[in-house]
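For reference, the structure discussed in these notes is given below.
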Amino acid sequence: VQNYAVPPVVAPDLTVEHLSEVDNGTSKVDLTLFVEFPADGPVLAAEWSTDLFAAGTIEAWLDHYLAILTDAVDRPGRSIAELGMSSALRRLRPAALGEAVAWQQTGPLHVLVARTAAEHPTAVAVTDGTTQLTYDELIADTHRLAHRLRALGVGPESLVGICVDRHPRMLVGLLGILAAGGAYLPLDPDFPADRIDYMLRDSGAALLITETPLLGGLPDDLPQTVLLDVEDLSAEPSAAPDAPSGSDGLDQLAYVLYTSGSTGRPKGVEITHGSMANFLWAMHRSPGLCAEDRVAALTTLSFDIAGLELWLPLLVGAQVVILDRQTASDGALLAEKLDAYEVTMLQATPMTWRLLLAADWGGRAGMRAWCGGEALPADLADALGGRVGELWNLYGPTEATIWTSIHRVEGPAGVEGGVRAGTVPIGKPIHNTSAWLLDEQLRPVPWGAIGELCLGGAGIARGYRGRPQLTADRFVPDPFGAPGSRLYRTGDRARFRENGNLEFLGRSDDQVKVRGFRIELGEVEAVLRSLPGVAGSAAAVWGTDPADQRLVAYIVPIADQSLEPDELRTAAAGFLPDHMVPSQIEVLTALPLNTNRKLDRKALPEPGRTDTRSGRAPHGPFEEIVAEVWCEVLGLEQVNAESNFFSLGGHSLLATRVVSRLGQRFELPVAVRLVFEAPTVAGQAARIEADLLSSIEDQA
């Protein structure tokens, strides 16, 4: 048998052989290609493992291989890497391009909401169960605040920070900034003061909207401040202020949202009104929303997906139901609120959906479930499918305006062509969006091959605020689009399935997702390296179960230094938000390096599963039972009485499991808030003992 050399564009074990010399019975390898050379041209055939490949994928590969051979003959001077590019581009283009749509109604966000308000003046726009605002009231309050902000100097491209609690006036603050001509910078009140200070300074925000109760947690040196809870706006006009001079409409900045940064500092992503308008109209069209809907808003403003929960309902005349932080972290309470408010659409991360399932949520007939933020596992999709009317999987980075591809899950999740995948596909690009799979030189990869997902179209951000070099690196000229258009290099690896659906296959760098939060490991490492006594640091995520994933850090002390992991965690929490603070810190004598003397992250040792923090051992039956339950849920061998549940890697979903088991052991109803209000073994044991004694006294 004669073998011919073939460029490695299909499979590493591909061989080429004469048809007449091969027993074409059972496939001996994953993929074999056979070729015969009769007078009228070559004939190709293939054998493949049907567990690995679909027939359409094989056909596409054979077409691409023939294109390579044809290119090699027609243009012998080209490198192998350039051969067949036109074939790859021709096959990718139909799947890569979302539908081109010219929206009939478009404009800045506040203008779109004002149009809706004129059509639904008396409908409830937003409620939190205690306070509600009709569309008329929302717009009138928005205009009053906008006039005040305009008088304070807010205009086009002005950036205004907003740090408020979750209530209807949060929307007044956001819309007021936009109506004044400015752009908003969302700041989570739970962020450390140092991080808020950095974001205000780095962004150049000249004004901050906040509330009196939050001032104690904010940095000392604040820009000019408007207190939303005490500001008297009654004398301000309720009519819209004139459009500010110099306004660029759709090209104008709408918001800046900070994401984790690989260099050790978060970076601000600049999104325009035009990008948001295109995104919202695309979502209105599919998956779809209407004026009769009630949308639960449970996401912090500092997470970009909050933009869909707040703005899409207001675009169509629907109602926004604002839920507080406690509800968002308690599956039983969330389930109760979904029923009480008759919610018809909920957008949440896989973590939050698992919270609901862990609380034995029976679902809501007809409710639409939108899931995004990280990969949707097939088992979770299957569990949700029978509990809701529609289930959609959504994908998109902040830099491309929230969601860029969508997929409706129907039937067994992850099954296509008879093959079961572990995760659900992320679907097809939304309107006016492109999704290309490219190699390192930004050339299209063959159909079915893995490439970097590069996004283009109307949703692409301006770039990173004040970071021209980083912007140039990640936002590159679009070789397939109109002159001047750009692609955002996501760093995500993906491929097209046979039916044109995109399949997400992980990262090509050190960015990770933990419970839906985007984390650059480099930022965690940089913060740890900046702490006194630390010579080196590394970070990694451990655990395959999304409910048990832990962010673990490794540090190397400066010679003769003794470092306490608890003290390091406390120091890191002074800058990092909660979701980026490592649940464990391991002390090493040296970090593992590869042959190039770079960190070998895969060689980091598995973290210990014993709580080594100082503290007394659990004492008495109540503490001992609570400690046993913690060990079962957290996968630890032992814990101390004063250990903090969240410092050991605990989170909302695991808290739900803890209270469920404690309730069974003590035969007593236990609410999730117990874990948040009393996060230690001793604290929970004392509360349960008091509740049990009270229950006994009531029965007596």
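The values are calculated or read from the model by the stated rules, or taken from the named source; none is laboratory data. Owing to the predicted nature of the structure, the values given are computational and were not obtained by experimental measurement. We place every Cβ from the backbone using ideal geometry, glycine too, and count neighbours over all the protein chains shown. Accessible surface is based on the protein model in full, side chains and every heavy atom, while ligands, DNA and RNA are left aside. Shrake-Rupley method; radii C 1.70, N 1.55, O 1.52, S 1.80 Å.
Below, the figures for the structure above:
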read-out: Tally, over the range 106-135, of residues that are exposed (fewer than 13 other Cβ atoms within 10 Å of the Cβ) and either at positive phi or touching a residue at least 40 places away in the same chain (Cβ under 8 Å) (or both); value: 1
read-out: Pairs where the first residue, in the range 479-490, is open to solvent by 60 Å² or more (accessible area, probe 1.4 Å) and the second is in a strand (DSSP E or B), C-beta under 6 Å, 6+ apart; value: Arg486/Phe475
read-out: Hits in the range 564-598 - residues which are among the aliphatic types (A, V, I, L, M), open to solvent by 20 Å² or more (accessible area, probe 1.4 Å) and outside any loop (DSSP other than H, G, I, E, B); value: Ala571, Val587, Leu593
read-out: Members of the range 652-673 that are under 21 Å from Trp353 (Cα atoms) and open to solvent by less than 30 Å² (accessible area, probe 1.4 Å); value: Ser652, Leu653, Leu654, Ala655, Thr656, Val658, Val659, Val672
read-out: For Asp30: the one exception among (1) at pLDDT 75 or above; (2) of a type outside the set (Ser, Thr, Tyr); (3) surrounded by fewer than 13 Cβ atoms within 10 Å (Cβ to Cβ); value: (3)
read-out: Residue that is open to solvent by 30 Å² or more (accessible area, probe 1.4 Å), modelled with pLDDT of 95 or more, of a type in the set (Lys, Arg) and within 22 Å of Ser302 (Cβ to Cβ), where the choices are Arg169, Arg144; value: Arg169
read-out: Search result, residues across the range 6-27 that are among the hydroxyl-bearing types (Ser, Thr, Tyr), modelled with pLDDT under 55 and open to solvent by 60 Å² or more (accessible area, probe 1.4 Å); value: Ser20
read-out: 2 or more residues aliphatic (A, V, I, L, M): qualifying strands (runs of 3 or more DSSP E) within the range 115-210; value: 124-127, 159-162, 183-186, 207-210
read-out: Residue list for the range 451-478, filter: in contact with a Lys or Arg (Cβ under 8 Å, 6 or more places away or on another chain), open to solvent by 40 Å² or more (accessible area, probe 1.4 Å) and within 19 Å of Thr404 (Cα to Cα); value: Arg474, Pro477
read-out: Residue list for the range 46-75, filter: assigned to a helix (DSSP H, G or I) and β-branched (Val, Ile, Thr); value: Thr57, Ile58, Ile68, Thr70, Val73
read-out: Verdict on Gly264 being over 25 Å from Val675 (Cα atoms), surrounded by fewer than 21 Cβ atoms within 10 Å (Cβ to Cβ), small (Gly, Ala, Ser) and out of contact with any Gly (no Cβ under 7 Å at 6 or more places or on another chain); value: no
read-out: Subset of the range 671-700 (residues that are within 21 Å of Leu334 (Cβ to Cβ) and either part of a helix (DSSP H, G or I) or hydroxyl-bearing (Ser, Thr, Tyr) (or both)); value: Arg673, Leu674, Val675, Phe676, Glu677
read-out: Any helices (runs of 4 or more DSSP H) falling wholly within the range 295-388 and containing at least 1 residues that are under 22 Å from Trp281 (Cα atoms); value: 306-316
read-out: Condition check for Gly608: within 29 Å of the chain's Cα centre (by Cα) and either open to solvent by less than 20 Å² (accessible area, probe 1.4 Å) or modelled with pLDDT of 85 or more (or both); value: no
read-out: Residue count, the range 643-670 (criterion: more than 23 Å from the chain's Cα centre (by Cα), under 16 Å from Arg569 (Cα atoms) and outside any helix (DSSP H, G or I)); value: 3
read-out: Selection within the range 614-661 - hydroxyl-bearing (Ser, Thr, Tyr) and either at pLDDT below 80 or closer than 24 Å to Val552 by Cα (or both); value: Ser614, Ser643, Ser647, Ser652, Thr656
read-out: Test for Arg550: is it surrounded by 19 or more Cβ atoms within 10 Å (Cβ to Cβ), among the basic types (Lys, Arg) and under 30 Å from Ala655 (Cβ atoms); value: yes
read-out: Leu380 within 18 Å of the chain's Cα centre (by Cα) and either closer than 30 Å to Ala95 by Cβ or crowded, with 22+ Cβ neighbours inside 10 Å (or both); value: yes
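For (1) open to solvent by 10 Å² or more (accessible area, probe 1.4 Å); (2) under 30 Å from Phe646 (Cα atoms), each residue gets a yes or a no:
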position: Met276; (1), (2): no, no
position: Pro287; (1), (2): yes, no
position: Ala296; (1), (2): no, yes
position: Gln319; (1), (2): yes, no
position: Leu323; (1), (2): no, yes
position: Gln326; (1), (2): yes, yes
position: Ser329; (1), (2): yes, yes
position: Ala335; (1), (2): yes, yes
